[in-house]
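The values are calculated or read from the model by the stated rules, or taken from the named source; none is laboratory data. Computed from a predicted structure; not experimentally measured. Here the Cβ is made from the backbone with ideal geometry for all residues, glycine too, and neighbour counts use every protein chain on show.
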Amino acid sequence: MVTAVMPTYGRIDIAFERGKGAYLYSTNGEKYLDFATGIATNSLGHAHPHLVKKLQEQAGKLWHVSNLYNIPEQQRFADRLVSHSFADTVFFCNSGAEAMEGALKVARKYHFANGNPEREQVICATGSFHGRTLTTLSAGDNDKYREGFGPRPGGFEHVAFGNLNEMRAAISEKTAAILVEPIQGEGGINPATAEYLQELRKVADEFDALLIFDEVQCGMARSGSLFAYSQADTEPDIMGLAKGIGGGFPVGAVLASEKAAIGMVPGTHGSTYGGNPLAMAAANAVLDVMLEPGFIESVIEKGVYLRKGLNKLSKDHPAVIESIRGTGLMMGLKCLGPNLELMTAFRDQKLLTVVAGDNVLRILPPLNVKIDELDEAIDIMDKVCKTMSS
Ligand SMILES: *Cc1c(COP(=O)(O)O)cnc(C)c1O
């Protein structure tokens, strides 16, 4: 008999009842160090006092009103995103897939509004992940996720991630946009080079195609800058955000330049919950913390510290870990044995991590993790790797 919760996930048999900072406490009284963070979503750990306070204040005042009315909290959050990014305008939704759907709609509407309705093709990258809706499955590159869900929404084409020649060969007068993750997450923590992202910008400009970055996972300070693209010294026309933006509250956002958003006039897009007062209270509170002087610097500092520890780990256990990948606090261990086995062994020692493609294990601590918590995690990893290589 089917379970009451539709069995779409392979679940691990643990339930958590509370969290504090980088730690989670299970219903059977065990304490775990959480370096999975709900897949890069609990960006400030669990029960952060400022987030709790702001959400509680808002919960007593107003949860939801329709986007038929002005929502001051939403306007404030949009203003702040605009002033700290390339964007001139923001649409709010509730998840990463919804953000990427919105990003694709903005790109196609741009060409339609400019009198080029035939420009609807989007060039995407191998190894990419953009969500689980029908259209974002088409944009992503995972046949297993698509199987049985046809017909597949059209208008997508894939070229090798990082390969400029393939991108140049694929682009045409039918191209609406180029879509990539500056750091691929699900695909296995693969950072694009700065040069690749800069060249994509040039190719897009040459063909009047739009450049879309999916920063659903690598955005919101995860990479060591508020947005990963800024490290490449370039800018997209459209960007999707979600995961870390609400600190665990479901929030998604589509950011766009004024030029790219030309077609998005009243009536062209919508989301009932998108940007409601409760969600915006959470998102504004997350941003309060991330914009505090020194916060980003501390993410960089701890990223460097973690990388050092992981490099040593990989050197000390060459039979378990092949290499280290990532930037900031978005790190991956390329495993020699099955990544699932290493994740399970870490979990048995009370350290939570999360698998990715390409046999990589993701290490995603909260961005406000403490140095001694990083030490604790590396210590657990070292002990586990020792038993695995012996
Ligand atoms: C997780 C993720 C998504 C999808 O986000 P959901 O909130 O699960 O819909 C899209 N793109 C990237 C890069 C992601 O990591």
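When the stretch 54-93 is filtered for residues that are within 25 Å of Ala221 (Cβ to Cβ), in contact (Cβ under 8 Å) with a residue 12 or more places away in the chain and over 22 Å from the mean Cα position of the chain (by Cα), the ones remaining, listed by number, are Lys54, Leu55, Glu57, Gln58, Ile71, Glu73, Arg76.
Sub-6 Å Cβ pairs linking a first residue in the stretch 108-119 that is small (Gly, Ala, Ser) to a second residue that is part of a helix (DSSP H, G or I) and at pLDDT 95 or above, at least 6 apart or interchain, are Ala113/Ile262; Ala113/Gly263, ordered by first then second residue. Exactly one residue out of Ala47, Ala4, Ala36 is of a type in the set (Gly, Ala, Ser) and either within 16 Å of the ligand (Cβ to nearest atom) or touching a Ser or Thr at 6+ places or on another chain (Cβ under 7 Å) (or both), and it is Ala36.
Can you work out which of the residues in the stretch 94-119 that are more than 25 Å from Ala192 (Cα to Cα) and of a type in the set (D, E, K, R) is nearest to the chain's Cα centre (by Cα)? Give the steps one after another, and end with the answer.
Of all residues in the stretch 94-119, those more than 25 Å from Ala192 (Cα to Cα) come to 94, 109-119.
Going one step further and asking which of them are of a type in the set (D, E, K, R), we end up with 109, 118-119.
Values: Lys109: 24, Glu118: 30, Arg119: 27 Å.
My answer is Lys109.
Yes/no per residue for (1) of a type in the set (Gly, Ala, Ser); (2) touching a residue at least 24 places away in the same chain (Cβ under 8 Å):
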residue: Gly224; (1), (2): yes, yes
residue: Gln231; (1), (2): no, yes
residue: Glu235; (1), (2): no, yes
residue: Ala256; (1), (2): yes, yes
residue: Glu297; (1), (2): no, no
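Of the strands (runs of 3 or more DSSP E) entirely within the stretch 82-185, those holding at least 2 residues that are more than 16 Å from the ligand (Cβ to nearest atom), buried (at least 22 other Cβ atoms within 10 Å of the Cβ) and not basic (Lys, Arg) occupy 175-180.
Selection of strands (runs of 3 or more DSSP E) fully inside the stretch 12-81 by the criterion of at least 2 residues being over 26 Å from Gly332 (Cα atoms) returns 16-20.
In the stretch 319-347, which residues are more than 25 Å from Ser225 (Cα to Cα), in contact (Cβ under 8 Å) with a residue 60 or more places away in the chain and not in a strand (DSSP E or B)? Reasoning before the result, please.
Taking the stretch 319-347 as the starting set, the residues that turn out to be more than 25 Å from Ser225 (Cα to Cα) are 319-322, 335-347.
Now restrict to residues that are in contact (Cβ under 8 Å) with a residue 60 or more places away in the chain: 319-321, 347.
Result: Ala319, Val320, Arg347.
Tally the residues that are farther than 28 Å from Val299 by Cβ and buried (at least 24 other Cβ atoms within 10 Å of the Cβ), restricting the search to the stretch 262-288. Full working, then the answer.
Applying the first criterion (farther than 28 Å from Val299 by Cβ) to the stretch 262-288 yields 262-273, 276-277.
The next check asks that each one be buried (at least 24 other Cβ atoms within 10 Å of the Cβ); those that pass are none.
So the count comes out to 0.
Of everything listed in (1) touching a helix residue (DSSP H, G or I) at 6+ places or on another chain (Cβ under 9 Å); (2) without any contact (Cβ under 8 Å) to a residue 12 or more places away in the chain; (3) under 17 Å from Ala176 (Cβ atoms); (4) not aromatic (Phe, Trp, Tyr), the single unmet condition for Thr136 is (2).
Within the stretch 189-196, identify whether any single residue is within 12 Å of the ligand (Cβ to nearest atom) and farther than 17 Å from Val82 by Cα, and answer yes or no.
Filtering the stretch 189-196 for residues within 12 Å of the ligand (Cβ to nearest atom) gives 189-190.
From what's left, farther than 17 Å from Val82 by Cα: 189-190.
Checked the stretch 189-196: at least one residue is within 12 Å of the ligand (Cβ to nearest atom) and farther than 17 Å from Val82 by Cα.
Every condition in (1) in the same structural domain as Phe227 (by TED's automatic domain parsing); (2) of a type in the set (D, E, K, R); (3) in contact with a strand residue (DSSP E or B) (Cβ under 8 Å, 6 or more places away or on another chain) holds for Glu322 except the one numbered (1). Quick one: count up the residues across the stretch 186-197 that are buried (at least 17 other Cβ atoms within 10 Å of the Cβ) and acidic (Asp, Glu). Here the count works out to 1.
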